[in-house]
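Visitor: Structure below; questions to follow.
What follows draws every value from the coordinates through simple rules; no lab data is involved. Everything numeric in this text was worked out from a predicted model, so none of it was measured. Glycine also receives a Cβ, built like all others from the backbone with ideal geometry; neighbour counts cover every protein chain displayed.
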Amino acid sequence: MSGRGKEKSGKVIGKIESSQRPKHFWTVLSSSLMSVAVASRRWASAPRRLTRSLATHVPLQEKDCRSITPPYPTLIENLALVRKYLNGRPLTLAEKILYSHLFDPEKGPDGGKIVRGETYLQLRPARVAMQDASAQMALLQFMSAGLGKTAVPSSIHCDHLIQASVGADADLQRSIASNKEVFDFLESAAKKYGIEFWKPGSGIIHQIVLENYAAPGMLMLGTDSHTPNAGGLGLLAIGVGGADAVDAMTGTPWELKAPQVVGVHLTGQLNGWATPKDLILHLAGKLTVKGGTGRILEYFGPGVFSQSCTGLATVANMGAEVGATTSTFPYTPNMKTYLHATGRGPVAQAADKAAAQGFLSADEGAEYDEVIEINLSELEPTINGPFTPDLATPISKFGAFIKEQGWKDEISASLIGSCTNSSYEDMTRVAELAKQAKAAGLKSKVPFLCTPGSEQIRATMERDNVTEALESVGATVLANACGPCIGQWKREDKKDEENAILTSFNRNFKSRNDGNKLTMNFLASPTIVTAMAFSGKLSFNPLIDTITLPSGESLKFTPPSGKDLPPAGFTAGETSYYPSPIPEPHHETEVLISPTSQRLEELKPFLSHFGPASGNPRGLELPSLRVLMRVRGKCTTDHISAAGPWLKYKGHLSNISENLLITATNDEGGDVNVAFDHDHDASQSETDTIPNVAKRLKARSQPWALIVDENYGEGSAREHAALQPRFYGCAMIIARSFARIHETNLKKQGVLPLWFADKNDYSRIGAGDIVETNGLAQLIEGDANATVTIKVTKRDGSSFDIPVKHTMSSDQLKWLRAGSALNHIRGQVN
């Protein structure tokens, strides 16, 4: 394999050949594994507890796998039906999984063919997972559909609302008390609709999904952008907004434009200090934050088979930072071992049979839209940042980079864990460094915070003395939750002060972790983060540098190695945090929402932009829209709808909308959170905050539009970034380009996303201008070839037309016409 492939239709194509699979692969895969003691699992539905039974280590038991084992025979049969539309061409693994989950595989795709990057697929996801912040709005939307239970197995995970401050137990108790009404709402809704509810303290959604629900060849959705973490087990796990999750939960076809597939060919083997985290940090530097948009990253080659399952999950997790739809890998012996070790032997046995039929790997000769070659043997530790996850610097050059930028050569905190790097392998690797430091008499020179990914990981760490090793050198072990990674960090130092932190997290936008826009977050592997904690210097390179000890001697760390899986097996820890499997709905349960709540608010349907009730005189064209502002530069979902202290309002649209775009930069003037109101009355100022000007327009019944820059809405799957502008009256956003999840979220809420055909037109439209669609009516009425243009009327009365592009499918146009996807679904259900 040259890695270059052959030229076809102007695209770089790569093929996968049989020689790229390790010899005797199926022999290795079917060989006997280290035996894992399992017993029948007893699930308890115990009352919520605020403390953990630290001295008790319950052995991990065999899970009830009925709802988590994919129906492989059916999927293989579905794929055979779809292949007839594909002219017999070999398929990538990603295509096999997607096409086998078509909603109607016998009918096949609209138009009778599938073109990657063009065809819209109607899909039937097998599972939905929701974290507590996004679950609130997802459930409020699901409840309005009027169904008695979810159409697919679903779960809720309480992880985002737990704030890190002093340590695990105290933080957990305080967070349960302060978020009681939200947790009660989620738990009551879960009981009513038959949803598995993972209580506060159980762990981070992505680690729990990997440990309990993920299965090779599955298609699942999660209401969080790092849902692809589950891809470490060889499935397609896709991050979506709550409205997309509602599609699956109501049994409605879920729509996705068939992604392009990028093949990442791995050769060689990681060695020394290099880890799977360094692989994805390196790849992020190559692809940038936009390079994966509309694409699935599919890894193949011998380098895949030397990685642990949890290491692959780390790689898949951070695929979100390059905008990838998701990431996946062929089924490997390490995946099988992990399934057995986590109590899912029946899933492994079923996967073995599916793999033997070729379902869980790419076909020989499968073609990729692009092939990226990476030799793992050549990788060195990489550090990415600050302020963007794609600014990648090899550690050998990082010290010089710091010096060139004129930054202080110091770090103020080291943080390890999070959903990206909190596996047993990660934690045993850093514990080995901690033991080296302790033997030399060293303690961390800066605050050193550790976040276990799940109760299972925490309990196993404690039993195996990993926790003791970390705490003995000054680490603070936090609650099993997202914590500082998503801004849930009650940090008392370095406020409004420039400083640098080093983390093993996945995202590092300004203000994200501690609310301080001057905090520079550098992303690295847990081992590099830990080593630097003992040095206190950004320029420290543990591969070559030493630390001077009080005795005058010096310490040079030995490259640490971790254990993929615990030799004594995992322990479950505090089982009262866990749900009962496959719960039946209790229809008599009252969903708890106080009418006076400031945290929860029943969701009212958005009105359509069209029809007599809308007051729109333009028929099926959008009404005349006033431009609120022109947004400059990077505008992530964190800019559009901030997290941190605002997370508590995730279930209350009126309250959380007060943070709309408050950290966005206005291109007209360059100010942050400033918008112009050129139609203000005598009692109002000409400028105000962005949400306040949006509210003024809403009060005047004036629908409005936004003009935005490149990759608008990158980052999390935060659907509030679409709900909030819609709530205040936004009907259209014109962008130089959109991030995938956010563009879909806008469509779901009845906001029309359009792309500039000429990106220079961005600067021709300003606040107060009137924009009007032309050609949208024909598009809505079924003319797929209709061209949409925008008439721009400037404040001085002059006007001009500009061409725009769109990605609306026929179903998405129905959502727009109805006012939202939920309105359309409700109409079908009723």
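Visitor: Rounded to the nearest 500, what is the chain's calculated 222 nm mean residue ellipticity when only DSSP H runs of at least 4 contribute -39500 (n - 2.57) each, over all residues?
Guide: -8000 deg cm²/dmol
Visitor: Along the Cα-to-C-beta direction of TRP755, a point sits 7 Å from the Cα; which residues of region 252-274 have their amide N less than 11 Å from that point?
Guide: none
Visitor: Roughly what would the spin-label model give for VAL672 and ASN692, points 7 Å off Cα along C-beta, in nm?
Guide: Result for the modelled spin labels: 1.8 nm.
Visitor: What is the dipole size for region 612-829, taken about its Cα centre, with +1 at each Lys and Arg Cβ and -1 at each Asp and Glu Cβ, in debye to the nearest 20?
Guide: Once rounded to the nearest 20, the dipole reads 640 debye.
Visitor: Report ³J(HN,Hα) in whole Hz for each residue of region 745-760, in order, from the Karplus equation J = 6.51 cos²θ - 1.76 cosθ + 1.60 where θ = phi - 60°; Gly and Pro get x.
Guide: Residue by residue, region 745-760 yields 4, 4, 4, 4, 9, x, 9, 7, x, 10, 10, 4, 6, 10, 5, 5 Hz.
Visitor: Grab the beta carbon distance between SER554 and SER306, set R0 = 35 Å, and tell me the FRET efficiency rounded to 0.05.
Guide: The formula returns an efficiency of 0.60 here.
Visitor: Hey, which of these cross-link pairs are over 23 Å Cα-Cα: LYS517/LYS648; LYS63/LYS353; LYS445/LYS648; LYS257/LYS634?
Guide: From LYS517/LYS648; LYS63/LYS353; LYS445/LYS648; LYS257/LYS634, over 23 Å: LYS445/LYS648; LYS257/LYS634.
Visitor: Continuing with the same structure: Quick one: angle between helix 395-405 and the longest Cα principal axis of the chain, in degrees between 0 and 90, rounded to 10, please.
Guide: 50
Visitor: I'd like the distance between the alpha-carbon centres of region 407-439 and region 577-641, rounded to an integer number of Å.
Guide: Their Cα centres are 40 Å away from one another.
Visitor: Restricting the count to DSSP beta bridges whose residues both fall in the chain, what percent are antiparallel, rounded to a multiple of 5?
Guide: Expressed as a percentage, antiparallel bridges in the chain total about 40.
Visitor: Something else about it: If you put +1 on each Lys and Arg Cβ and -1 on each Asp and Glu Cβ, how big is the dipole of region 382-575 around its Cα centre, in Debye rounded to 20?
Guide: 300
Visitor: Considering amide H positions built from the backbone, and no H for Pro or chain starts, which residues 5 or more places from ILE411, or on another chain, come under 5 Å of its amide H?
Guide: Amide H neighbours of ILE411, under 5 Å, 5+ apart: LYS537, LEU538.
Visitor: OK, next. Which residues among region 714-753 fall inside the zone where the amide N is under 17 Å from a point 7 Å beyond the Cα of LYS290, along Cα→Cβ?
Guide: So the set is 714-715, 734-744.
Visitor: Work out from phi, with θ = phi - 60° and the Karplus expression 6.51 cos²θ - 1.76 cosθ + 1.60, the ³J(HN,Hα) of each residue of region 202-215, listed in order in whole Hz, and give x for Gly and Pro.
Guide: Each residue of region 202-215 in turn: 6, x, 7, 3, 6, 5, 5, 4, 4, 6, 10, 10, 5, 8 Hz.
Visitor: Which is farthest toward the positive dipole end of the chain among ASN745, SER561, LEU603, measuring Cα position about the Cα centre, with Cβ charges +1 (Lys, Arg) and -1 (Asp, Glu)?
Guide: Value: SER561.
Visitor: Cross-link partners among aspartates and glutamates for LYS113, C-alpha distance below 17 Å, same-chain residues fewer than 8 apart left out?
Guide: Straight-distance partners of LYS113: GLU95, ASP104, GLU255, GLU367.
Visitor: State the answer as a single residue: which of ILE383, SER454, ILE395 lies farthest towards the positive end of the charge dipole of the chain, with beta carbon charges of +1 for Lys and Arg and -1 for Asp and Glu, about the Cα centre.
Guide: Looking along the dipole axis, the top candidate is SER454.
Visitor: Distance between the C-alpha centers of region 736-804 and region 65-100? Whole Å please.
Guide: The distance from the Cα centre of region 736-804 to that of region 65-100 comes to 38 Å.
Visitor: Let me ask something else about it. Could you run the Karplus curve 6.51 cos²θ - 1.76 cosθ + 1.60 with θ = phi - 60° over region 456-473 and give me ³J(HN,Hα) per residue in whole Hz, x for Gly and Pro?
Guide: 4, 5, 4, 5, 5, 4, 5, 4, 8, 6, 6, 4, 4, 4, 6, 5, 5, 10
Visitor: Under 5 Å between amide hydrogens, which residues at least 5 positions from GLY194 or on another chain qualify, with H placed 1.01 Å from N in the peptide plane?
Guide: HN-HN under 5 Å from GLY194: HIS586.
Visitor: From the residues GLY827, THR636, LEU816, which one has its Cα farthest along the dipole of region 612-829 in the positive direction, the dipole being from +1 and -1 charges on Cβ of Lys/Arg and Asp/Glu about the Cα centre?
Guide: Among GLY827, THR636, LEU816, the one farthest towards the positive end of the dipole of region 612-829 is GLY827.
Visitor: Length gain on complete extension for the stretch ASP409 to SER472, per 0.36 nm per residue less the alpha carbon to alpha carbon distance?
Guide: Result: 20.1 nm gained on full extension.
Visitor: Let me ask something additional. Within 11 Å, Cβ to Cβ, of GLN163, how many net charges do the neighbouring residues add up to if Lys/Arg are +1 and Asp/Glu are -1?
Guide: Taking every Cβ under 11 Å from that of GLN163, the sum is +3.
Visitor: List every residue whose amide H lies under 5 Å from the amide H of TRP489, counting only residues 5 or more places away in sequence or on a different chain, with H placed 1.01 Å from N in the peptide plane.
Guide: ALA164
Visitor: Also, I was wondering about something else. Using DSSP to call loops (not H, G, I, E or B), can you name the trypsin sites (Lys or Arg not before Pro) in region 334-387 whose Cβ has at most 14 other Cβ atoms within 10 angstrom?
Guide: Here no trypsin sites (Lys or Arg not before Pro) fit, given the DSSP loop and packing criteria.
Visitor: Using a Förster distance of 41 angstrom, determine the FRET efficiency expected from the C-beta separation of THR596 and LYS805, and round it to 0.05.
Guide: 0.35
Visitor: If r is the Cβ-Cβ distance from ASP64 to LYS517 and R0 is 45 Å, what FRET efficiency results, to the nearest 0.05?
Guide: Once rounded, the FRET efficiency stands at 0.45.
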